[in-house]
Amino acid sequence: MKKIIKRSPTRVDLAGGTLDLWPLYNFIGGAVTVNVAIDIWTHVELTPRSDAKIKIQSHDLSYIKEFSDIDALLKSPEPELKLYQPLIRYFMPGTGFEIVTSSESPVGGGLGGSSSLMISLIKAFSEMLGRQVASVHGIVRLAHNLECEILHT
């Protein structure tokens, strides 16, 4: 099966932080965020499998695990999976796959590495499943909603 490789830049907030995101802008009148993409990337390699098994490897978390199927992955309480589970629940691929992720931005570095990784994952799964998101704004909206699920907001 064909390996899908995607990458996305991280960002630096010049002003405003995340104040332009729902629900925060409801509490701050006229919030604006100014940020720029920088040449520090997140990387995703997604390889479809012919069976139901799923393997997830995160270089940043020093995590690697294989699951018998999607249900086993979605039921796992492991904290290393909290970014992956809502995304996989959203796409619900009908086959197994292997994911390898990495980021040039250190975990907790404040450069939006998790958001960038979510964008890379969305692009990879969209391509694998032939379900292209309609626009860049659509990808950002989906990433935002999935991250809200992760944060329970």
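Values computed for the structure shown
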read-out	value
Computed [θ] at 222 nm, deg cm²/dmol, the chain (DSSP H ≥ 4; -39,500 (n - 2.57); rounded to nearest 500)	-9500 deg cm²/dmol
Net charge of Cβ neighbours under 15 Å - reference LYS82; Lys, Arg +1; Asp, Glu -1	-2
Within the chain, percent of DSSP bridges classed antiparallel, to nearest 5	80 percent
Percent RCO, i.e. relative contact order, over the chain, from Cα pairs under 8 Å lying at least 6 residues apart	28 percent
Lys/Arg +1, Asp/Glu -1 at C-beta; the chain dipole; positive extreme among SER102, ILE139, MET118	ILE139
Per residue accessible area of the chain, 1.4 Å probe, in Å²	56 Å²
Whole-number D in µm²/s for the chain (Stokes-Einstein; Kirkwood sum over Cα pairs; 10 °C, 1.306 mPa s)	98 µm²/s
Within the accessible area of the chain (1.4 Å probe), percent carbon and sulfur	57 percent
Crossing angle, helix 113-129 versus the chain [Cα axis fit, 0-90 degrees, rounded to tens]	50 degrees
Unsatisfied cross-links (Cα-Cα over 23 Å) in the set LYS53/LYS123; LYS55/LYS75; LYS2/LYS55; LYS3/LYS75	LYS3/LYS75
Nitroxide proxy distance, nm - points 7 Å out along Cα→Cβ at THR33 and CYS148	1.3 nm
Region 32-84: C-alpha gyration tensor shape, a/c 1.5 cut-off, then a/b vs b/c	prolate
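The values are calculated or read from the model by the stated rules, or taken from the named source; none is laboratory data. Owing to the predicted nature of the structure, the values given are computational and were not obtained by experimental measurement. Every residue, glycine among them, receives a Cβ derived from its backbone with ideal geometry; neighbour counts consider all protein chains shown. The area values use the complete protein model at the heavy-atom level, side chains included, leaving out ligands, DNA and RNA. Shrake-Rupley method; radii C 1.70, N 1.55, O 1.52, S 1.80 Å.
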